[in-house]
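Derivation of every value follows stated rules applied to the coordinates shown; laboratory data play no part. Bear in mind the structure is a predicted one, so any value in this text is a computation, not a measurement. Glycine gets a Cβ as well: all are built from the backbone with ideal geometry, and neighbour counts include every protein chain shown.
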Amino acid sequence: MKDFLSLRLYARVARLGSISAGARECGLSQSQASRIVAELEASLGARLLSRSTRAVVPTQAGSEFLLRAEAILDAIEDAQNVVREGSELRGLLRISMPSTIGYLEVLPRLTGFTEMHPALRIQVLLEDQRQDLVRDGVDVAIRLGKLTDASATAQLITSLPRVLLASRSYLDKAGAPASPGDLAQHRIIGGPSGAAAWAFERDGEQVDVDLQPHVTVNDNEGAVVAAVAGMGICSTPMGRPRPAVLNGSLVPLLTDWTRPPVEVHAYFPLARQTRIAARSFVAYLKAGLEEPI
């Protein structure tokens, strides 16, 4: 167990770039963590970490050791989970996802999964930007859109429709667009996709509208908040009505037109064995997204 703790602590320190951050995750003090890492280096006869006042970075030997250590840690946790009675999962599961699907679709459905596996600790990272899954120690990432990532394998979970939204205060001043082409005359709020054109379809007719956002936000929920504040029109994925739509703060626009749906994928890092907890979570989420909340 001491060796297991040493490996786990080293892996988190190396990924987080901080002894204090790794210590917190492992429930240790910084002095305890520093001593354990030093003892590990002494036992191996190699320097694993390069320390500076700003960060802690793995050496070349430390990077090679890290990949093997993480594989061992994942294998041990999976072996323990396989033989436990009742299929109750334990350990730590790190999940990354955009804020939009996290707030609206995943977190409201997560209670059932946590009740099934009360001994499993779950860390949810709400990130709209692309991550290095291996570097950040992410077991599974939920991502929107058609992403190509050579360092991960993907599994399609579901698709979400896109909607156009604007506040009543904005529409009172600027009027509502009657067609996709009218959007060129409106203030546009850009989201994290960075797309310069929005595609629409109706009765077989396809229209692409080139747009120049007046405000750009690198987070879907930030774009929605900007729309609530009356800054313009945003386009966002929506599996179910948002609270701002239900309470009338935002109005759906061009509802007789459809936009390409947003695919939702689960990404598993290639450099690490796909863990039982990650697969179980994705299976639970995929089934849950088929059911309304």
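Computed on alpha carbon atoms, what radius of gyration and Dmax characterise region 29-111, expressed in Å?
18.0, 49
Within a 10 angstrom radius of the beta carbon, how do 245, 13 rank from fewest other beta carbons to most?
Working: 245 16, 13 27.
Sorted ascending by nearby Cβ count, the order is 245, 13.
Can you give the local net charge around residue 26? Use residues other than it whose beta-carbon is closer than 10 angstrom to its beta-carbon, Lys and Arg +1, Asp and Glu -1.
Values: positive: 8, 12, 24; negative: 25.
Combined, the nearby Lys, Arg, Asp and Glu give +2.
Indicate, rounded to the nearest 5 percent, the antiparallel portion of the DSSP beta bridges found entirely in the chain. Write out the running numbers ahead of the final one.
Working: 30 of 43 bridges.
Once the DSSP bridges in the chain are tallied, antiparallel ones form about 70 percent.
Mind checking the full-extension length gain between residue 196 and residue 208? Use 0.36 nm per residue of separation minus the Cα-Cα distance, one decimal, nm.
Once the chain is fully extended between residue 196 and residue 208, it gains 3.3 nm.
Once the Cβ-Cβ distance between residue 162 and residue 124 is put in as r, and R0 is 30 Å, what FRET efficiency do you end up with, to the nearest 0.05? Please list the in-between numbers first.
Details: r = 24 Å, r/R0 = 0.79.
With a Förster radius of 30 Å, E is 0.80.
Kindly put 234, 26 in sequence by how many other C-beta atoms sit within 10 Å of each C-beta, fewest to most. Each step should come with its number before you reach the end.
Working: 234 27, 26 19.
Ordered by Cβ neighbours within 10 Å, fewest first: 26, 234.
Picking from 209, 255, 69, whose Cα lies most toward the positive end of the charge dipole for the chain (charges on Cβ: Lys, Arg +1; Asp, Glu -1)?
Among 209, 255, 69, the one farthest towards the positive end of the dipole of the chain is 69.
Charges at C-beta only: +1 for Lys and Arg, -1 for Asp and Glu. How large is the resulting dipole of the chain about its Cα centre, in Debye rounded to 20?
Working: 31 positive and 32 negative charges, 185 e Å.
That gives the chain a dipole magnitude of about 900 debye.
How big is region 162-260 on each of its three principal axes, counting only the C-alpha atoms and giving the largest first in Å?
Principal-axis extents of the Cα atoms in region 162-260, largest first: 33, 28, 24 Å.
Sorting 231, 97, 116 on the 10 Å Cβ count, fewest up front, what's the list?
Numbers: 231 19, 97 25, 116 14.
Least to most surrounded, the residues fall as 116, 231, 97.
Would you kindly compute the Cα radius of gyration of the chain and its largest Cα-Cα separation (Dmax), both in Å?
22.9, 71
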